[in-house]
Amino acid sequence: MAAIAQMNKLRISIPYTPSSWIPAERMYRIMKSRILILLFLFVAQGIKGNEADSLLIRYSDWNIEPSHVSTCSNFEVLNGYEEEFIIPTSSHVDSLKKLLTHLQEQEDRYFPVRCKLYIFSGDTVKEKMCMNKTTITYKGKTYANNDTIVCFINQLMHDFTPCESKRFLPDIIGANYVEGRDSLYHLLTKELDKWATTYFYRGTTIMTIRCKANKNGKTSSADVKIRKPEHPKKAERKMAEKLRQYMISHIRWEEDPDRSPYDFIIFTIRYNNKQ
């Protein structure tokens with residue numbers, strides 16, 4: 001205890017000198033610079049963590065015309081694909097991206113997809129693109145493909161071994177209503193309630209809705225087919241037409257930059273009004 005008291009006494013007796021005293025303004029500048037350095041390191045680490053580090057290639061023969069409509073959304077599910085390759089090096093991803101910067105943009109149009117690429121950062125899909133030998137869709141835009149990119153992908157598939165099992169598959173073809181599926185059915189049921197009252201409808205009907213949406217999620221076209229009853233009443237036909245019009249004017253889906261004019265959103269609704 002005596003030693004601690006002596007040390008405290010010595011510490012108190014040391015006078016402050018101009019060389020040992022740091023003005024508040026200078027201290028503020030020092031702390032500010034240190035905070036900026038820490039922020040820079042944090043951001044740099046975040047950027048590094050988001051870097052693309054691998055590439056997944058799903059491929060079907062470039063030269064075979066598919067028997068079904070093959071889009072970026074349905075390529076894997078409806079048409080299948082022959083081989084899958086994982087390219088685990090960021091340098092190949094960088095090389096591919098450099099090749100993409102020289103492509104010429106084209107008008108958006110349908111083309112049969114023969115190859116789909118996923119760019120990963122860790123286990124997260126950062127970007128995807130679809131192509132055949134003449135056309136590419138990438139980040140919601142359409143470009144003219146060229147032999148250089150086709151040869152580059154062919155070389156990757158030659159250099160790496162095909163995967164024995166599929167890494168993942170995309171969701172079921174279609175789209176999600178922006179507020180959720182339950183909200184969609186609730187909204188359409190309320191709309192049918194209104195027209196059932198207008199047309200004095202009582203009964204049960206099942207309708208299949210087949211529609212398309214643009215890349216921004218707006219419903220661009222819709223068709224409503226009455227499945228039951230087999231011989232619809234006049235009121236049911238009128239309600240189906242009103243529902244078709246409502247789909248186009250009010251229903252929005254989640255945005256999808258890869259959505260094609262040939263991708264359909266199909267679902268069935270059962271309406272019961274026996275009051």
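Return yes when MET207 is open to solvent by less than 60 Å² (accessible area, probe 1.4 Å) and in a helix (DSSP H, G or I) and no when it is not.
no
Looking for whichever is among the polar types (S, T, N, Q) and open to solvent by less than 20 Å² (accessible area, probe 1.4 Å) here; the options are SER90, SER121, SER95, SER73. Which one fits?
None of the others qualify; the one that does is SER121.
Any residue at all in segment 78-89 that's touching a residue at least 40 places away in the same chain (Cβ under 8 Å) and assigned to a loop (DSSP other than H, G, I, E, B)?
yes
Would you please list the contacts, defined by Cβ atoms under 9 Å and residues six or more apart or on different chains, that run from a residue in segment 200-223 that is of a type in the set (Val, Ile, Thr) to a residue that is in a loop (DSSP other than H, G, I, E, B) and surrounded by 14 or more Cβ atoms within 10 Å (Cβ to Cβ)?
THR205/PRO232; THR205/LYS233; THR219/ILE251
Can you name the residue in segment 246-275 that is within 28 Å of the chain's Cα centre (by Cα) and among the polar types (S, T, N, Q) and is also modelled with the highest pLDDT among such residues?
Step by step, filter segment 246-275, then rank; the result is SER249.
State the number of residues belonging to segment 221-249 that are part of a strand (DSSP E or B) and open to solvent by less than 70 Å² (accessible area, probe 1.4 Å).
Qualifying residue count for the region: 4.
In segment 184-204, what count of residues is obtained for those that are open to solvent by less than 40 Å² (accessible area, probe 1.4 Å), part of a helix (DSSP H, G or I) and over 25 Å from THR219 (Cα atoms)?
Final tally of qualifying residues: 0.
Give me the residue from segment 45-69 that is touching a Ser or Thr at 6+ places or on another chain (Cβ under 9 Å) and modelled with pLDDT of 85 or more and, out of that set, surrounded by the fewest Cβ atoms within 10 Å (Cβ to Cβ).
The first filter runs over segment 45-69 and keeps only residues touching a Ser or Thr at 6+ places or on another chain (Cβ under 9 Å), leaving 49-55, 60, 66, 69.
Next, from what is left, pick out any that are modelled with pLDDT of 85 or more: 54-55, 60.
Working: SER54: 17, LEU55: 23, SER60: 20.
In this case the residue turns out to be SER54.
The values are calculated or read from the model by the stated rules, or taken from the named source; none is laboratory data. Quick caveat: nothing in here was measured; it's all calculated off a predicted structure. Positions of Cβ are backbone-derived with ideal geometry, glycine not excepted, and every protein chain shown enters the neighbour counts. Side chains included, ligands, DNA and RNA excluded: accessible areas come from the protein's heavy atoms. Shrake-Rupley method; radii C 1.70, N 1.55, O 1.52, S 1.80 Å.
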